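Beneath this line is the structure, given in structure tokens, with notes to follow.
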Amino acid sequence: MVEIFIGLEIHIQLMTRSKVFCSCEMISGEEPNTRICPVCMGYPGVLPAVNEQALFLSYLMGSALNCTLAQKTWFDRKNYFYPDMTKNYQISQFSSPVGRGGWMDYLEKGELKRVHIHDIHLEEDAGKMVHQGNFSLLDYNRAGSSLLEIVTEPELTSPEAAEVFLQSFRSLVRCLRACDGNMETGSLRCDANVSVNSLGMGLGTKVEIKNLNSSRFVRKALEYEVRRQSRLMQAGKPVIQETRLWNEQSGKTESMRTKEEAKDYRYFPEPDIPPFVPSEAFLNRVTSSLTELPAARELRYIREYGLTEETAHYLAEERERAEYFEELISSGTEVAAAAAWIKGELAKLQGRYAFSLSDGTLPPQAVTTVVRMTGTEELTVQQAKQVLELMVQRGIVQPEEVIAQEGFKKAEDDGELKEIISKIVAEHLNAAEQIRDGNMKAVGYLMGMVMKETRQSADPRTARRLLLEEIGCKQEE
Amino acid sequence: MSELFPAVWKQITSSPRHLKCYEQAVAALDTDTCAFLELRTDLGVSLAEPAVKEYGSLSGIPFAVKDNIAVKGFQFSCGSQILAGLRSPYTATAVERLLHAGAVPIGKTNLDEFGMGSSNQNSACKPTVNPWDLSRVPGGSSGGSAAAVSAGYVPFALGSDTGGSVRQPAAFCGIFGFKPTYGTVSRYGLAAYASSLETIGFMTAQAEQLIPIFEAASGADGRDQTSLDCSDTTDLTEGIQTVAVLAGDLGLDAPVLRGYSKAIEAFRSLGWNIVEVKLPSLDYAVPSYYTIASAEASANLARYTGVRYGSRSREEHDHQHMVRRTRDEGFGKEVKLRILLGTYVLREGFQDQYYVQAQKIRTLIRNEFSKLFTKAGVLLLPTFPIQAFPIGDGGLTSMQQKLADRFTLPANLAGLPAVSFPTGIESGLPVGMQLMGPAMSDRSLIRLTAHVSRCFPEVALPRRFSPGEVTHG
Ligand SMILES: [Zn+2]
């Protein structure tokens, strides 16, 4: 039996308006080298001026991750030469990170798990190198972006757990609006370290894996690495402490550098930025910006609302979705209905019309009204869906307005419906004949006519019953 | 303030014809002094703000800028081959503020490469010489600025002072050199050598002229988070007037010792008490300073690789090779020495022995000064133990120069204001003495310097250029 120890080093690009030490806007996807200035290009004489929003989001993250927040924090210079680093030192934090010794709870298959956080620290991002044949191009748009590094303890015990944790972490940073959590664009990056050892023997030799740009790759690379290390162990061969690169094409990790080549970063305190001592007002602002985190929400939805793990996860995963769900409930929609409408029709409409639940396109009160009308049979479910879609299409936020425009109303009584049905049957005797002969396909055809004639206002079950009576057929069920 | 600077300067800078004559005259005179690395009056005037050029507190006054301070459009060589060809894309805050007061930057002056040196002989360009004696050094590293003021090319100049780089050349050239309290003048735009020690400083022919310049250039700046307003209203001439002097033999050359004695005499004649003090930690100032300065320099100079600007080696097999070659070809000996020293003291496992130890000494020195300034208003001490020395082998070795910095370094280690002022001519060359005051006493320290200076006969500078020539000719 072996034991697996996995730790993650996660970098998130903080959603600050400007870069961490200069006033360049943080926008991705721009033309290369258009979001740069003398400061982030490392011209002689420039100085870093730390962005307070970046410090705020760092403290917010530290608080959400239950870290001990630094009463005084400062930056250090991490010295190394690399072409994408304009100053050839990175302004980072070494001896006084924003937060230390925290933890994050997450749910794995409905079970609450905890991973401890070693530290979180604020630093600047590097530029990007684009290799073209035998030369390289440099794009410094990203250089100097605010980056927060979160280092976990090696407590994850399987590649799957690492994947689930990372997804949960992504959900957390999005919930706090600290980072957009996008792994493809590199807003969220993750390096993993893993060691395998015989059960009860403690940590093995640590191997670091880089170049993991999706949570799936994190799992796949770790699976590969666990297999590789286990095999070495079985063969009685040593695992070398090294850094390995995940190769997506081959599905393997490849050696990048060994410990012997490890660098001495010659850290020393950054003399250009005075230490930051958060004021009481600053810390209060941090506390008041904290919100219920996705894992806690998910657990509450399961326990309080009796939702399934899957539904609870879906609703709690995104903050705006969770808040919308709760607003539906507080405005009077039943829990089950609220969950079903969000997962079903609203998700479909969002996909079709690309709007967000929090942007006011469909105010929760309006949806509650529509859902309530289906309960009182003022609208059929079909009509309710149509009302919501028309609201989005027409930019109307009052459902009553759409209902009036469409002339939707509950069919007054069976008498009126019966009249419509007998008229339709009389006009389609062939179809009626076929139904009597057992061809039930024609029922759908006639039902379509009925619904069209009643402008969808008929209750389909009632209409079907009356239609079959009119034709002279027994109800099938 | 207008009477502080001759009105003729404004006449020159407001007439394109005069300006051209002025530039030509200075350029011709400077062929042997080599104070300027670049002289571009047209560029300076184009940066000036028309409205304030007319009415600002330094309206129309031309000034020179040490070439390690950014002025948009001007070259920005830092006296180094590695930055050959670089034109600054921006302007330093201090220069911007002087522009806002109406002053006109007209050129960039020579320096020891990246400010490392005290003779100007470490410049990658032709070294500046002392206008008093062309066979002697002007001091450094702000030697070009000192020579430019001393020779009368400009009424004032900016320098930078990391360990005495404004004060020592001022003493060598017979002018005033002021190093403000750390942080009162923004460092934004000053090419970093040792960030925690250096400040931009000012050089003038008269002490009073420093006041409007400091007023205009100082103050908190959002682009330098170590900057702050100099809001203190200390009056050093108030109350019990006590000047501290260092006890014991200071190891001064005879002419400097004569200047020193005259300065003590001057204070006595003004009715001040003289107290002898001992500052034991000063013995460690030189090693502490060079440890910290080199450590910071090793990181500060890492950005010069030829990748984004400046000169790049022609040998470029790969990035690493290119960077190595560029730095090897681009940096001078003294710079390489300090980078290596700095890299050495910051190595993992050796920091406690060197860097941390040096910071502890620095704290001790600071504390000693705080204590001293509860007993005395100011400290009087020599600027440099000898006068301007000869160029070349007859001068001081690089090591001797470092040891001789012992009187100027403490102000940088403690972040305190200090002024070097001329006490007259001894053996044919100027001698400078230094006044150090408590933090934020800058304005008062300048006024006190002006007051004390009146006890000395005015030094007749070796003015090679007089602005009157331009307007009359
Ligand atoms: Zn920038």
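Quick notes on this one:
- Condition check for residue A:425: over 31 Å from the mean Cα position of the chain (by Cα), in the same structural domain as residue A:370 (by TED's automatic domain parsing), part of a helix (DSSP H, G or I) and over 14 Å from residue A:459 (Cα atoms): no
- Test: residue in region B:445-465 that is within 23 Å of residue B:185 (Cα to Cα) and touching a Pro at 6+ places or on another chain (Cβ under 9 Å): yes
- Count of residues meeting criterion [in contact (Cβ under 8 Å) with a residue 12 or more places away in the chain, assigned to a helix (DSSP H, G or I) and hydrophobic (A, V, I, L, M, F, W, C)] in region B:294-333: 6
- Looking only at residues in region A:49-80 that are among the aliphatic types (A, V, I, L, M) and within 23 Å of residue B:191 (Cβ to Cβ), the one that is farthest from the ligand (Cβ to nearest atom) is A:50.
- When residue B:381 is tested against (1) more than 30 Å from residue A:138 (Cβ to Cβ); (2) within 14 Å of chain A (Cβ to nearest Cβ), just one condition goes unmet, and that condition is (2).
- Residue in region A:394-408 that is outside the structural domain of residue A:457 (by TED's automatic domain parsing) and among the basic types (Lys, Arg) present: yes
- Flag: residue B:159 does not match the condition of being part of a loop (DSSP other than H, G, I, E, B) and either under 10 Å from the mean Cα position of the chain (by Cα) or not hydrophobic (A, V, I, L, M, F, W, C) (or both).
- Residues of region A:1-18 that are more than 14 Å from residue A:187 (Cβ to Cβ) and within 16 Å of the ligand (Cβ to nearest atom): A:17, A:18.
- Test: residue in region B:42-62 that is farther than 30 Å from residue B:399 by Cα, part of a strand (DSSP E or B) and within 14 Å of chain A (Cβ to nearest Cβ): no
- Scanning region B:182-204 for residues that are polar (S, T, N, Q) and closer than 18 Å to residue B:407 by Cβ returns a single hit, B:199.
- Among the candidates A:55, A:60, the residue that is touching a strand residue (DSSP E or B) at 6+ places or on another chain (Cβ under 8 Å) and more than 10 Å from every other protein chain (Cβ to nearest Cβ) is uniquely A:55.
- So residue A:46, is it within 13 Å of the ligand (Cβ to nearest atom), within 14 Å of chain B (Cβ to nearest Cβ) and in contact with a Pro (Cβ under 7 Å, 6 or more places away or on another chain): yes
- Subset of region B:221-238 (residues that are without any contact (Cβ under 8 Å) to a residue 12 or more places away in the chain and among the small types (Gly, Ala, Ser)): B:222
- When region B:104-136 is limited to residues that are among the aliphatic types (A, V, I, L, M) and under 19 Å from residue B:335 (Cα atoms), the one that is surrounded by the most Cβ atoms within 10 Å (Cβ to Cβ) turns out to be B:111.
- Hits in region B:63-98 - residues which are surrounded by 24 or more Cβ atoms within 10 Å (Cβ to Cβ) and either more than 13 Å from every other protein chain (Cβ to nearest Cβ) or at pLDDT below 95 (or both): B:63, B:64, B:98
- The number of residues in region A:27-43 that are polar (S, T, N, Q) and either away from the ligand (no atom under 13 Å from the Cβ) or under 15 Å from residue B:70 (Cα atoms) (or both) comes to 1.
- Residue match in region B:342-351 (condition: in contact with a Leu (Cβ under 8 Å, 6 or more places away or on another chain) and under 29 Å from residue B:201 (Cα atoms)): no
- Criterion: out of contact with any helix residue (DSSP H, G or I) (no Cβ under 7 Å at 6 or more places or on another chain) and more than 9 Å from chain A (Cβ to nearest Cβ) - qualifying residue of B:184, B:199: B:199
- Test: residue in region B:240-256 that is touching a Pro at 6+ places or on another chain (Cβ under 6 Å), surrounded by 20 or more Cβ atoms within 10 Å (Cβ to Cβ) and modelled with pLDDT of 95 or more: yes
The values are calculated or read from the model by the stated rules, or taken from the named source; none is laboratory data. Note that the structure is a prediction, hence the values are computed from the model and not measured. Heads up, the Cβs are rebuilt from the backbone with ideal geometry, glycines too, and the neighbour counts pull from every protein chain shown.
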